[in-house]
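Here is the structure we will look at, set down as structure tokens.
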Amino acid sequence: MLATITVDDEKCNDPLSCRKCLLICPTHVLGLGTDVGPQKFRETDPSHFILRGVRFDKCTGCMDCVEACPQNAIQVSF
Amino acid sequence: MCVWCDQYAGGYERWYFNPANYARRLYKIRKEAAEALGAEANPQEAGGMAIIGREFLEARERNDYEAMERMKREAEQMAWGTHFGQVITLDEALKVTDIIYPISLLTCACRRSIAGLPDEENFTCMGMGPGMYKWERWPDTYRGGVHFLTPDEAKEVLTKLNKRGLVHSIYTFGTPYLAGLCNCDYPDCAGIRTVVDFGVRGLWRGHYVAKVDPELCNGCAACVARCQFRALSFAPTRNKAYIDQLQCFGCGLCATECDQEAITLVERASLPSLANVW
């Protein structure tokens, strides 16, 4: 069974600094990326960073990410 | 709960805690030809292995996936009726010693035939139940003799073998009757070898899955050497042990080794993706 992982971008406001879910996931399912492509000659502003579920084959449904998120931004369902 | 618990737990938490699955006449007056599969299977024959042979390997070499799958399924069907195993944790094995009688320590057939271990170093197999009384009739099966143990002695042996790094598993001799309490490792144990190398489920995953607490793990990597199922690796990037929970068989050898108590066993049933992965 593959997990459906939803992240509320309004609640997840600074994943680049926070990273709590990435550090807690035992099987490294989640990924940090941006909602804009790479931009020449400048760093992407932190506000454009987003968090998504990526490696669903490894998601066991332990819900550690859901509990770890201080903003309750993550939902995991099957 | 696995399918064996569904069928044979009889109200107990697990099928291997149900005393009824240890109560059987595990001996025959005369060795007959192989009988029907299932509970009345000839227990002597039921101890045989080598269900994956050269034919399978040749199919694999020529990438004949259909033939491979067919042979795997055939081997599994035969094993599940007569002789297959399931991984249990040390704690579960200790509990089992309180409900079985007699308990015996004998030499391991796998290790004798594959590793050529001399009998004195090969007492790693534990037999359960009245089948052990017939050992004098078949001295070759029980080479080195059989030593009967008290429950406390059995617990001591199990704890010692766990320290050594052997996986505890219970094996049927005519499903659902349990008579083998094995202490296995890769590659000599046929059960582990065929499931890890070929995906043939002669050995089922246990009811637990191991999990590393990244806050407690100090990166010593002592656990990595313990995994017999290739589920544990070390991630230098994080300086932490990494457990592939899909692969993990829940034996707990990593957990019993960790000085920091950073590894715990969680119930397989609590993880939706793994609840039906056996």
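Since every read-out is calculated from the coordinates, none of them should be taken as a lab result. Given the structure is predicted, the values throughout are model-derived calculations rather than measurements. Every residue, glycine as well, gets a Cβ built from its backbone with ideal geometry; the counts of neighbours run over all protein chains shown.
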### Query
How high is the relative contact order of chain A, in percent, with contacts defined as C-alpha pairs under 8 Å that are six or more residues apart?
49
### Message
Quick check: Cα centre of the range A:1-29 to Cα centre of the range B:201-219, how many Å?
### Response
22
## Note on the structure
Expressed in angstrom and rounded, the centroid-to-centroid distance over alpha carbons for the range B:91-124 and the range B:136-163 is 5
#### Entry: Point-to-point label distance, B:A67-B:E55, nm (Cα→Cβ direction, 7 Å offset)
1.0
#### Entry: Percent antiparallel among DSSP beta bridges (both partners in the protein assembly as shown, rounded to 5)
95
### Query
Taking the Cβ-Cβ separation of A:R42 and B:A115 as r and a Förster radius of 56 Å, what is the calculated FRET efficiency to the nearest 0.05?
0.35
### Message
For the protein assembly as shown, what are Rg and Dmax over the alpha carbons, in angstrom?
### Response
23.6, 86
### Message
Distance cut-off 27 Å, Cα to Cα: go down the list A:K58/B:K72; B:K155/B:K211; A:K11/B:K240; A:K58/B:K240; A:K20/B:K211 and report the pairs above it.
### Response
A:K11/B:K240
### Task
Determine, from the Cβ-Cβ distance of A:D8 and B:Y12 and an R0 of 30 Å, the FRET efficiency 1/(1 + (r/R0)^6), rounded to the nearest 0.05.
0.10
#### Entry: Cα-only radius of gyration and Dmax that characterise the range B:208-269, units Å
10.2, 31
### Summary
Taking only the alpha-carbon atoms of the range A:4-77, the convex hull volume per residue, in cubic angstrom, is 86
### Query
Taking Rh as the Kirkwood radius, which is the inverse of the mean 1/r over Cα pairs, what is the Rg/Rh value for the range B:41-185?
1.01
### Task
Treating the Cα atoms of the range B:142-278 as identical point scatterers in vacuum, please give the log10 of the normalised Debye intensity I(q)/I(0) at q = 0.14 Å⁻¹, two decimals.
-0.70
### Calculated diffusion of chain B, Stokes-Einstein form, Kirkwood radius summed over Cα pairs, 20 °C and 1.002 mPa s, µm²/s
110
### Message
Explain nothing, just the number: dipole magnitude of the protein assembly as shown about its Cα centre with +1 on each Lys and Arg Cβ and -1 on each Asp and Glu Cβ, in debye rounded to the nearest 20.
### Response
520
### Task
For B:W278 and B:Q260, calculate 0.36 nm times their separation in residues minus their Cα-Cα distance, and state this gained length in nm to one decimal.
3.6 nm
### Message
Under the 0.36 nm per residue contour assumption, what length would be gained going from the current alpha-carbon distance of B:A221 and B:M78 to full extension?
### Response
47.6 nm
### Message
In whole Hz and in residue order, list the ³J(HN,Hα) couplings for the range A:37-46 that follow from phi through the Karplus curve 6.51 cos²θ - 1.76 cosθ + 1.60, θ = phi - 60°; x for Gly and Pro.
### Response
x, x, 10, 5, 6, 8, 6, 6, 4, x
### 10 Å Cβ neighbours from other chains, averaged over peptide A:16-26
2
